[in-house]
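The values are calculated or read from the model by the stated rules, or taken from the named source; none is laboratory data. Worth saying up front: this structure is predicted, and the values here are computed from it rather than measured. Glycine gets a Cβ as well: all are built from the backbone with ideal geometry, and neighbour counts include every protein chain shown. Surface accessibility is based on the protein's heavy atoms, side chains included, excluding ligands, DNA and RNA. Shrake-Rupley method; radii C 1.70, N 1.55, O 1.52, S 1.80 Å.
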Amino acid sequence: MATTTGQPGAPPSAPVRRPSRGIVNVRMLGILAAVIVLLFAAAAGFGCWRVESALHASYPQTTGTLRIAGLRGSATVDRDANGIPQIYAASSADLFLAEGYVQAQDRFWQMDVSRHYAAGTLASMLGRDYLGHDELARTLGWHTLAAQSYDKLQPQTRVFLQAYAQGVNDYLSVHPAGAGLSFEYSVLGLPDTHSARGYRPARWSPVDSLDWLQAASWDQDDAIDQEISRALLGATLTRAQIGELYPAAGADSGFDAWAVSGKLTSTGLPLLASAPVASPALPSAWYQIGLHCTSVGAACPYDVAGYTEPGIPGVLIGHNQSIGWSWTGRAADNFDLYLERVDGSDYSYDGREYPLTEHQESIAVADGSPVTITVRATRHGPLLSDVSGVFRRIGSTNAASGVSIDSTSLVPNTTADALFALDQATNWSQFTAASAGFSAPAEGMVYADTAGNIGYQGPAALPVRASVDDGMWPVPGWKPAYDWASSASGMYVHAAPVRELDPADGYIAGAPGDAVGLRAERTVADLQSGTSGGQKLTADELTAIQGDTYDPEAAILVPYLLKVNVDDFTEPAVALLKDWDYTEPAGSGAAAYYNAVWAEVLRLIADRELPADEASSQLALDGSVRWDAVIDSLLTQPDSTWWGESGSSKVSPRDALLAEALEQARLDLTSLMGKDVATWTWGRVHTLTPENQTLGVGPHPALVKWLIDGSSLGVPGGGSDVAATDWDVASGGFAVGTAPGLRMVVDLGGLDDSRWIGQTGESGHVDDPDYLDQAPLWAAGETTSWAYSASAVSTATRRRLALDPS
């Protein structure tokens, strides 16, 4: 009798059928593939889970109750829908301690990087790529100056700095390192990051907060770049030629804040607008916060809201219950470069030889051996030529063997005293007394108050120079005639503050006495237009002015462009300019073409007329030269040698270069956006990509950059607009290089009606809902309301955290 074998699901009597070898292979391969797919899916799922866990591990607790070791009384932290914290406490010390804790919750990675940047220790954290910066920071001595400044501060200021540091350290005590502190710490030490493995951040010290103020003084001084550029160009150009590149008339002071008198506003009280410009960063350089004493009085006088930089307590720009203020750029030349005659360990001065002061600095490097440098200085200051090839070139160009720097920001200061005094000032007298103490950085300040006043105060910490020194060029350090004036005690004599109160025209849109440029002039024109016929301005209208993309330079240049003959391929692009209104929204094809032409005009002039070396041309193109003013002057000189040599009696050198620029720009945009000019838009090429400025740029793993960086945003505006979204001609593209880090309008007639927006978001934690939530609104020129009063804050609150003493 035959034997049969049953199979699951088959009738018991079904015969067994052996598959062929080929069928076995196909089935086995299919099963194997399925298993591999499942294994990869499981691994990918586990990997995604691990990544997501690492990303979310550092999210701060923003509800419930936390016990904080350093607090003496309770504090509360109310956060709105954007995660903006408003802190309430009964004492000033508890208020600043809570601020330190909350800033560490949101932005400690940024704080940690900033203090390494200022202390000259970035290489110990992020590797050899930062060694050059550390050498410069050690030579300038920012950390030493911060420590010396701390010793000069008022006792109460030191108490507040200590309280802030205690709050940061209370947070670090339970979040010591790794992904639980911030995602970036989990990446340190990975292959190809060149960063420190096993890194654990040190405790925060009060001096760490002062370090950043010292570093900011250097970073915000545009005059240094201009003097460097002039000195390098001097190797091949005459001073007359260089003077044409740096005309006093038309130079834009970079004014980023303005105030409007109540006689021009709908409430009858002033408005103050601020949009400080800086290089884009993720997270933004600015951190928004409110600090409120539960009972405002002499014992606890703070009721202030606005922006600070992470790592710095208090509020740097914003308003309290009585006044509003903002820092703003000013042509504040508070340094001199000195050419030095150095021979070995000596330098010359007034016919004699003096020994250089010297000390050594050891710089740790995460991916290499420590590097030791010798910092040398003359009576004028540190020798930058010892650590910088650019400064060595300046010295050799001017027959000197060294270059030193003297600056009012390179002496101990009491800026921190001024900061806390400013936050509690309630009138013009208190404001001017406080702001006079801001010596580092040396910024202009715009003011408005609820009594109806508007004002301006420029820095006091500017040197009194000798008559032979105009501050424009490096000067001979061996000649006493170029020394700054000093008192009998040997301390520098500083210039008196520049002040203006309640100007007759009703607005402040530039520093008194400074030359103004296109942006400032356009701002004034917008204000005048908004008040013509007796109209009154509102906070929303000032916000609209901040986003004005009208390009005054285009209005000057385009008529010349339209008169130039070009080839048939270029003509459709030129036609975009014929009915253009000179505004630069992201959707404009005309704006895209105009800016491409502008870039080619500058490149052609630079290639033909500026020195061939890269450093000189780079500095001249990237913003140290005010090209708007230069081109405006040259347009009226069609045969100027800046346009090139004359090639035809029928076509001027100016028109020949403009034609070449028009044709090359057509090719540039064709390669970027295609032949059809109707499809071109400015926002396709004029983009801002929020990037983490450490691990999100440079030669770091692509996966890391993909995780921590944001997506590109098409952005309106340009460098000559009030919107101030500039791009670097020297880069070869149109990516935004500088832009407002925030936009703020303070309404002194109703503080809860004030407006604000940040460039990225409040949180510094990757993938947090508040990491990039403000970026689309910022790119679109929109703002949101800004709660200030206790009732408005309560209404806006979405999360509340109670901080109790441990």
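For the pair A496 and D350, a Förster radius of 35 Å applied to the C-beta separation gives a FRET efficiency near 0.75, rounded to the nearest 0.05. Along its first, second and third principal axes, ordered by size, the range 399-498 spans 56, 25, 23 Å in Cα coordinates. Probing with 1.4 Å while keeping every protein chain in the model, the per residue accessible area of the range 84-185 equals 27 Å². Across the chain, the mean sequence separation of Cα contacts (distance under 8 Å, 6 or more residues apart), normalised by length, yields a relative contact order of 19 percent. For the range 539-608, the set of trypsin sites (Lys or Arg not before Pro) satisfying both a DSSP loop assignment and a count of at most 14 other C-beta atoms within 10 Å is given as K563, K578. Placing +1 on the Cβ of every Lys and Arg and -1 on the Cβ of every Asp and Glu, with nothing else charged, gives the chain a dipole about its Cα centre of roughly 2740 debye. When both bridge partners sit in the chain, DSSP labels roughly 85% of those beta bridges antiparallel. Considering only T549, L562, A525, and ranking their Cα positions along the charge dipole of the range 510-585 that arises from unit charges at the beta-carbon of Lys, Arg, Asp and Glu, the one farthest toward the positive end is A525.
Distance from the C-alpha centroid of the range 195-231 to that of the range 142-177: 17 Å, rounded to the whole angstrom.
Over the range 649-806, Cα pairs under 8 Å with separation of 6+ residues give a relative contact order of 14 percent. Each part reduced to its alpha carbon centroid, the range 492-518 and the range 565-592 end up 38 Å apart. Accessible area ranking (1.4 Å probe, heavy atoms, ligands and nucleic acids excluded), largest first, for M472, M673: M472, M673. In terms of overall dimensions, the range 505-563 has a Cα radius of gyration and Dmax of 13.8, 42 angstrom. With one equal scatterer per alpha carbon and no solvent term, the Debye-computed log10 I(q)/I(0) for the chain at 0.06 1/Å reads -0.43.
Give the separation of the Cα centroids, the range 254-321 to the range 759-806, in Å. Measuring centre to centre over Cα atoms gives 15 Å. With contacts taken as Cα pairs under 8 Å at a separation of at least 6 residues, the range 408-476 carries a relative contact order of 28 percent. Inter-label distance, T784 to S529: 3.0 nm, where each label sits 7 Å from its Cα along the C-beta direction.
Taking a ≥ b ≥ c as the square roots of the eigenvalues of the Cα gyration tensor, the range 421-557 is classed as oblate, since a/c reaches at least 1.5 and a/b does not exceed b/c. Each Lys and Arg Cβ is given +1 and each Asp and Glu Cβ -1; about its Cα centre, the range 488-604 then shows a dipole of about 300 debye.
Past the 29 Å Cα-Cα mark, which pairs from K563/K675; K263/K578; K578/K675? From the list (K563/K675; K263/K578; K578/K675), the Cα-Cα distance tops 29 Å for K263/K578.
When only the Cβ of Lys, Arg, Asp and Glu is charged (+1, +1, -1, -1), the dipole of the range 712-806 relative to its Cα centre reaches about 160 debye.
Note on L190: accessible area approximately 80 square angstrom, rounded to 10, probe 1.4 Å, nucleic acids and ligands left out. Estimated at the nearest 10 Å², the accessible area of I405 is 0 Å² with a 1.4 Å probe.
Per-atom-type breakdown for the chain gives carbon and sulfur 54% of the accessible area (1.4 Å probe, protein chains only).
Per DSSP helix of 4 or more residues, -39500 (n - 2.57); summed, then divided by the residues of the chain. What does that give at 222 nm, rounded to the nearest 500? When only DSSP H runs of four or more count, the value is -11000 deg cm²/dmol.
Potential lengthening of the chain between E358 and D505 amounts to 47.5 nm, from the contour at 0.36 nm per residue minus the alpha-carbon distance. Of the residues Q664, S266, S763, the one whose Cα sits farthest toward the positive end of the charge dipole of the chain, with +1 on the Cβ of Lys and Arg and -1 on the Cβ of Asp and Glu, is S763. Dipole of the range 261-396 computed with +1 at Lys/Arg Cβ and -1 at Asp/Glu Cβ about the Cα centre; of L384, P301, I363, farthest Cα towards the positive end is P301.
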